[in-house]
Amino acid sequence: AMIAAWNSYQAEVCIVGCGTAITIDCVSTTGKHLGGLIIPGLEMMQTSLVKNTGDIAVNSNSRPLLKFGDSTSTCVANGAALAIISLIERTVSQFEVEQHRLSRVITGGYAELINGLLACDFDYEPHLVLKGMALRAGMK
C-alpha cells in the first residue's frame with residue numbers, strides 16, 4: 001500500500017489501511033517510511049470485547065455512528081468506531097503540526113465506512129495493496 005501510495009502522490013502521504021487491523025503509515029517525499037501504528041480493526045475490537053466480557057451481545061451488522069449509543073450493541077459499535085476515527089484524526093493532525101500538509105489515502109475492506117466518518121479528507125483507493133504488489137513485481 002505504501003509503495004502504491006508513494007508512487008501515485010510522490011509526496012508526503014499518510015496511508016490508512018482498514019481491514020482486520022487498522023494501519024496508519026506515513027511516507028516522506030523521498031519514499032522513506034516515517035513510521036506507523038497498528039491497532040485492531042473495527043470488527044476485531046468488537047469481537048474482542050464480546051469474547052472477553054460476559055453476557056453481552058453485539059450485532060456486528062450495526063452501522064456505527066460517532067455518538068453515544070442507546071443499547072449495548074450500539075455502544076460497542078460506536079465506541080470501536082470512535083476509537084479508530086479519533087486515532088486516525090489525531091495522527092494526521094499531529095503529523096501535520098510537526099511537518100506540514102500531507103496527502104491522505106485510505107484502503108481496505110472497511111475503508112468506505114471509516115472514510116465516511118472521518119472529518120478530514122482521504123482519497124479512497126480500494127485496490128492500493130494490489131497496485132503496490134504490481135509495482136513491486138514490475139508490472140505497471
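Quick check: residue separation of E96 and T29 times 0.36 nm, minus the Cα distance between them. What number comes out in nm?
Values: separation 67, 0.36 × 67 = 24.12 nm, distance 1.39 nm.
Difference between extended and current length: 22.7 nm.
Taking Cα pairs under 8 Å and at least six residues apart, what relative contact order does the chain come out at, in percent?
Working: 230 pairs, mean separation 38.6, N = 140.
Relative contact order of the chain: 28 percent.
Keeping every protein chain present and rolling a 1.4 Å probe, give me the accessible area per residue for the range 56-138 in Å². Walk me through the numbers on the way to the answer.
Values: 4900 Å² over 83 residues.
Dividing the accessible area of the range 56-138 by its residue count gives 59 Å².
Percent relative contact order of the range 43-120, based on C-alpha pairs within less than 8 angstrom and at least six residues apart?
Working: 54 pairs, mean separation 18.2, N = 78.
Computed value for the range 43-120: 23 percent relative contact order.
With a 1.4 Å probe and all protein chains left in place, how much of the accessible area of the chain comes from carbon and sulfur atoms, in whole percent? It would help to have the intermediate numbers written out before the result.
Values: 4440 of 8160 Å².
Here it works out to 54 percent.
Using only Cα atoms, tell me the angle between helix 72-98 and the longest principal axis of the chain; keep it within 0 to 90° and round to the nearest 10.
Value to nearest ten degrees: 30.
Taking the DSSP beta bridges in the chain as the whole, what percent of them are antiparallel, to the nearest 5? Write out the running numbers ahead of the final one.
Numbers: 13 of 20 bridges.
The antiparallel proportion sits near 65 percent.
Give the residue list of chymotrypsin sites (Phe, Trp or Tyr not before Pro) in the range 1-75 that are DSSP loop and have at most 13 other beta-carbon atoms within 10 angstrom. Please report the intermediate quantities before stating the final value.
On the way: sites: W6, Y9, F68; in loops: F68.
Those that pass, being in a loop and sparsely packed, are F68.
Once phi is turned into θ = phi - 60°, what whole-Hz ³J(HN,Hα) does the Karplus curve with 6.51, -1.76 and 1.60 give for every residue of the range 5-12, x standing for Gly and Pro?
Running phi through 6.51 cos²θ - 1.76 cosθ + 1.60 with θ = phi - 60° gives 5, 5, 4, 6, 9, 6, 8, 4 Hz.
What per residue convex hull volume, in Å³, do the alpha-carbon atoms of the range 1-76 yield? Mind dumping the intermediate values first?
Values: hull volume 8.2 nm³, N = 76.
Convex hull volume per residue, Cα atoms: 108 Å³.
Taking H placed 1.01 Å from N in the peptide plane, check which residues at least 5 places from I22 or on another chain put their amide H under 5 Å from its amide H.
Amide H neighbours of I22, under 5 Å, 5+ apart: I39, G41.
Quick one: angle between helix 42-51 and the longest Cα principal axis of the chain, in degrees between 0 and 90, rounded to 10, please.
For helix 42-51, the angle is close to 30 degrees.
Please list, in chain and number order, the residues 5+ apart from R104 or on another chain whose amide H is under 5 Å from its amide H, with Hs placed from the backbone.
For R104, whose amide H was placed from the backbone, the distant partners under 5 Å are C14, D123.
Do the sum for the chain: with -39,500 (n - 2.57) for every DSSP H run of n ≥ 4, divided by all residues, what is the mean residue ellipticity at 222 nm, to the nearest 500 deg cm²/dmol? Mind dumping the intermediate values first?
On the way: 5 runs with 61 residues, N = 140.
That comes out to -13500 deg cm²/dmol.
Evaluate the distance, in nm, between pseudo-label points positioned 7 Å from the Cα of T72 and of L117 along their respective Cα→Cβ axes.
2.0 nm
Given Cα positions, please report Rg to Rh for the chain, the hydrodynamic radius being the Kirkwood one. Walk me through the numbers on the way to the answer.
Values: Rg = 16.2 Å, Rh = 15.8 Å.
Checking Rg against Rh, the ratio lands at 1.02.
The values are calculated or read from the model by the stated rules, or taken from the named source; none is laboratory data. Predicted model only: the values in this text are computed from it and were never measured. Neighbour counts are summed over all protein chains in view; Cβ atoms, including those assigned to glycine, are modelled from backbone coordinates with ideal geometry. Just the protein is used for accessible areas: all its heavy atoms, side chains included, with ligands, DNA and RNA removed. Shrake-Rupley method; radii C 1.70, N 1.55, O 1.52, S 1.80 Å.
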